[in-house]
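This report refers to the structure that appears directly beneath it.
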Amino acid sequence: MPRTPTTERCFTVRTYNAIDNDIETLKNNIADAKTRSHFLGGIVRLAAHDFMDYDQNSSGNPMGPDGCFDPSHPSNAGLPADVWCANCTLKLLYDKKYSHVSRADFWIAAANAVIRQTSIGNSLDLMETFVWGREDSDVCAGSGDRLPTPSGCEQVEGVFLERMGLTWVDAVALMGAHTLGRGANEFSGHEGTWVDTDEDAQVFDKQYYEEIYLNSWRPRNMGEGTQDWTTGGPSDGGNTRMMLNTDICLVHDIDGNLPCCTSDEDTCGGFEAAARRCPFYSQIDVRWEARQAVGEMLGGSYPNTNNVPFYTAFAEGWRKGKFSHYFS
Ligand code: HEM
């Protein structure tokens, strides 16, 4: 049975709170907004990649949160360079103070700390559902192949619904973590933040969903393996906004419809995409539920400050994801 962090000798409430404090100190030591957002986002991505390789259909090798990721797999690019490396501050912290707990437990506790500290009013505290006792694996061959690639819309179904056994609401809520951090050319080949600025990319709120709806997204790098989405016209040279196909696919039917623009606005002007509007899913589409879930995360008509639907759904998706190996 999973164990709760109450009075056990190993991973106590004190351990959990100490990790939270230490993450805050590391974060506060980073002055530059871009570096800081990437530090925060990298921790959440690390914990998520550890549990996103879970396959409920593989009784012999379900994987899940086991403190193991494949550093050479392209889906993990950036993690072994910036987040979990010999000189990475997170790993140094673990080695120095927390190596008596498993990496898997530490990664989740560290991610919980990031989420609590960056949520509005520190209101998303995931300690209640934290359990410890995950066991680490030193090798996890094939784990990277179970992670989603950003290009294909079917990836979301494959990872979250079919292998992890989550609902569309869980999946869409987990994707909202892209409100934190950024992508980089040197890692995934997808450069930029999902939200407006590096400051916004340090706030864990529903902005990711608002960005999908409010912006006029157009494809970038058409015809290349790094095809993704950005905003702004030809004169907007400093633009580093970014969405992946797997983000846009939550709302828009882009399979077979590229190039297209997610809005009629003339910010797509000057690009081939402006000629066609990316259709929204309708009720007969398999991803209609995804579009509905994005609508729920918006918390009511825009603008509003209601993060409760997102936080509630995220807490549930995160709880299921990080416990996945206990379900097998
Ligand atoms: C279809 C599913 C997903 C795909 C295809 C995907 C893909 C990506 C890619 C390509 C990056 C950029 C990496 C880089 O260049 O450094 C990224 C970053 C990130 N992902 Fe995801 N992701 C998915 C789901 C998730 C989930 C479920 C979470 C967490 C619950 C998550 C959290 C993050 C975070 C926080 C970052 C920013 C990392 C940083 O700043 O270093 N992602 N993701």
- line: In the chain, whole DSSP H helices that both stretch 24 Å or further along their axis by alpha carbon positions and average at least -1.0 on the Kyte-Doolittle scale are 33-51
- prompt: Counting other Cβ atoms within 10 Å of each Cβ, which trypsin sites (Lys or Arg not before Pro) in the range 3-103 have at most 14 and sit in a DSSP loop?
  reply: R9
- request: Ratio to report: Rg/Rh of the chain, with Cα atoms as the point set and Rh obtained by the Kirkwood method; give two decimals.
  value: 0.96
- line: Under a Gaussian network model of the chain whose springs join Cα atoms within less than 10 Å, the largest fluctuation of L92, L298, L250 belongs to L92
Restricting the range 228-305 to trypsin sites (Lys or Arg not before Pro) in coil, as DSSP defines it, with at most 14 other Cβ within 10 Å: R276
statement: Expressed as a whole-number percentage, the relative contact order of the range 234-310 with C-alpha contacts under 8 angstrom and at least six residues apart is 24
query: Measuring with a 1.4 Å probe in the full set of protein chains, what accessible area per residue, in whole Å², belongs to the range 42-146?
result: 39
task: Report the net charge of residues surrounding P65, where surrounding means a beta-carbon distance below 11 angstrom and charges are Lys +1, Arg +1, Asp -1, Glu -1.
output: -3
query: Accessible area, 1.4 Å probe, largest first: how do E191, E224, E272 sort?
result: E272, E224, E191
message: Running a GNM on the chain with Cα contacts under 10 Å, which residue among H252, H178, H73 ends up with the highest mean-square fluctuation?
response: H73
message: For the range 13-147, what does the relative contact order come out to in percent, with C-alpha contacts under 8 Å and a separation of six or more?
response: 33
- line: Semi-axes a, b, c in Å (a largest) for the range 154-308, each sqrt of 5 times a Cα gyration tensor eigenvalue, come to 23, 18, 16
field: Theoretical FRET efficiency, 1/(1+(r/R0)^6), r = Cβ-Cβ of T240 and S58, R0 22 Å, to 0.05
entry: 0.05
statement: FRET efficiency (N87, T305; Cβ distance; R0 41 Å; to 0.05) is 0.55
message: Under 10 Å, Cα contacts only: if you run a Gaussian network model on the chain, which one of P65, P74, P303 comes out with the highest mean-square fluctuation?
response: P303
- request: Give me D for the range 13-147 in µm² s⁻¹, whole number, from Stokes-Einstein with Rh from the Kirkwood sum over alpha-carbon pairs, 25 °C and 0.890 mPa s.
  value: 161
task: Excluding residues on the same chain fewer than 8 positions from K91, give the aspartates and glutamates whose Cα lies under 14 Å from its Cα.
output: D22, D82, D105
field: Listed residues I284, I120, I254 arranged by accessible area, highest first, probe 1.4 Å
entry: I284, I120, I254
- prompt: Can you give me the relative contact order of the chain as a percent, contacts being Cα pairs under 8 Å and 6 or more apart?
  reply: 19
task: Report, for the chain, the % of DSSP beta bridges that are antiparallel, rounded to 5.
output: 70
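The values are calculated or read from the model by the stated rules, or taken from the named source; none is laboratory data. In this text the structure is predicted, and so the values were computed from the model without any measurement. A quick note on method: Cβ atoms are made from the backbone with ideal geometry, for glycine too, and the neighbour counts reach across all protein chains shown. Ligands, DNA and RNA are stripped out before the accessible areas are found, and what is left, the full protein with its side chains, is counted by its heavy atoms. Shrake-Rupley method; radii C 1.70, N 1.55, O 1.52, S 1.80 Å.
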